[in-house]
C-alpha cells in the first residue's frame, strides 16, 4: 500500500451483508526455507476469529423493530476488532506453504466465537463475557439472539470442527491493544497456551465441562516445546514476547474447548471398542453427548450436568434416564482410570494430540493508528517479520523438536 513513498490510508467500516460466517481464505504458498513438508501441511491450520467486519442486516434492527444506528455500535466495532490478525494469518500460512487460512467473518462486536454462547451483561469484565457482545446484547431480543447463536455460532462451531479434524498444530492469530486497562504497556507479542482456570488455581476445564477431563491435560493446550520454540525464534528476531501474558485462555476459547472435545472423542472411541454393547443404549449416548457438548449449546446436556453436579431433581422418565446415565458416567470414569491411568498417559504423550496455540500481536505494530485508536494504514513489514519467525519456528519444531513431547 505504498505509492511514491506515501502509505495509502484505509477506510474503516462495517460490511452489512449476508456472508458465510466462517470461511477458508485462499492464499499463495511461498517457496521459503520455512515451508513445511507436504504431509505436514495437511496437519497444520492457521485461523483468526476476531478480525471479521460483517454484520448481517437482520441484526441491525432492535427488538422493537427500530433500525439500529451505526453510531450505536461503531466505536465498539473499532475497539473490539483484532486489526491486522488476518494479514498476519495470511503471511504465516503462505510461508508455511499452506493454500489457505480460516477466518470468522462475523464482527466481534456482534458475536464473539471465543466465548461461551449467551448474552453479555452491560459492564461485564472482559474475561467474563459471553458470545453476544454489548451493545447488541442490550439491543437484540430473545428471538434474534436465538437466531444469532443457532444460525451463526453453531454453524461456525460445526465448520471449525471439520477444519480442525486431522490437524496436529492449530495457530490462532489475534491482536491486542498497546496498553492494558491499567495503562501498562503490553509486550509486542504473547504466545498463550494456558487456561484461565489453571492460572487462577482451580481446575479449569474440569470445573466447566466434566470432572472426567484429566487435570494434567488442562495445564497447557500445546506442547510447551512448541510454545517456547515460537517464543525463542521471535526473540531472536528482536520481537519481544511474554508467554501467557497479560491474560490466559478463557474456558470458552476454541483452544480450550477443542482440547476437551478431542480427548472425549478419543475416550469414546476406546470405550466403545471395548464395550460395543453400549453403543445403542440411550444412557450412554446421553453421556457422550454431554461430554462432547463443549460449546455448552444443548439444553438436555445442561440438565444432565446439573443432575450430576448439583444433584437436582428430574421428573418422570427423565429421572430414570438420568439415573441410568449417571451409572454409565461412573462406568466410563472407571474405564478411564483403569491400569493406573494408561489411557491418559498415552493420550498426553501422543504425537497425534492437537497442539493449539494462540498468538497475540500488538495492534499498533501492525497498523498505524490515529489518536482515537482508529486504524489508518497497515504496517505489512512487521506482519511479515512475525510470519517469517513463527513459520520458521513451526518448521524447526516439526523437523527437530517433534519427538520431545512432554
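Of note:
- Peptides 333-344, 14-25, ordered by how many other C-beta atoms sit within 10 Å of their residues on average, highest first, read 14-25, 333-344.
- Taking 0.36 nm per residue of separation and subtracting the Cα-Cα distance, full extension of the segment from residue 138 to residue 311 would add 59.0 nm.
- Computed from the Cβ-Cβ distance with R0 of 56 Å, the FRET efficiency linking residue 238 to residue 318 stands at 0.40.
- Per-pair calculated FRET efficiency, R0 = 41 Å: residue 23 and residue 121 via Cβ, rounded to 0.05: 0.85
- Sorting 112-120, 308-316 by average packing, meaning the other beta carbons within 10 Å per residue, from highest down gives 112-120, 308-316.
- √(5λ) per eigenvalue of the Cα gyration tensor, the range 217-355, largest first, Å: 36, 19, 11
- Ranked for footprinting exposure by Cβ neighbours inside 10 Å, fewest first, 277, 293, 47 give 277, 293, 47.
- With viscosity 1.567 mPa s and temperature 4 °C, the Kirkwood radius over alpha carbon pairs of the range 282-406 converts through Stokes-Einstein to a diffusion coefficient of 66 µm²/s.
- For the chain, share of DSSP beta bridges that run antiparallel, in % to the nearest 5: 45 percent
- Value in Å of the Kirkwood radius, where the range 1-94 supplies the Cα pairs that are averaged: 16.6 Å
- Whole-number Å³ per residue for the convex hull built on Cα positions in the range 50-183: 127 Å³
- Translational diffusion coefficient (Stokes-Einstein; Kirkwood radius from C-alpha pairs) of the range 215-257 at 10 °C, 1.306 mPa s, in µm²/s: 135 µm²/s
- Residue 32-residue 147 FRET efficiency (beta carbon distance; Förster radius 60 Å; 0.05 resolution): 0.85
- Sorted by Cβ density within 10 Å, fewest first, the residues 281, 395: 281, 395
Computed from the coordinates by the stated procedures, all read-outs in this text should not be read as laboratory data. Keep in mind it's a predicted model, so treat the numbers as computed, not measured. All Cβ positions, even for glycine, are placed from backbone atoms using ideal geometry, and neighbour counts span all protein chains on display.
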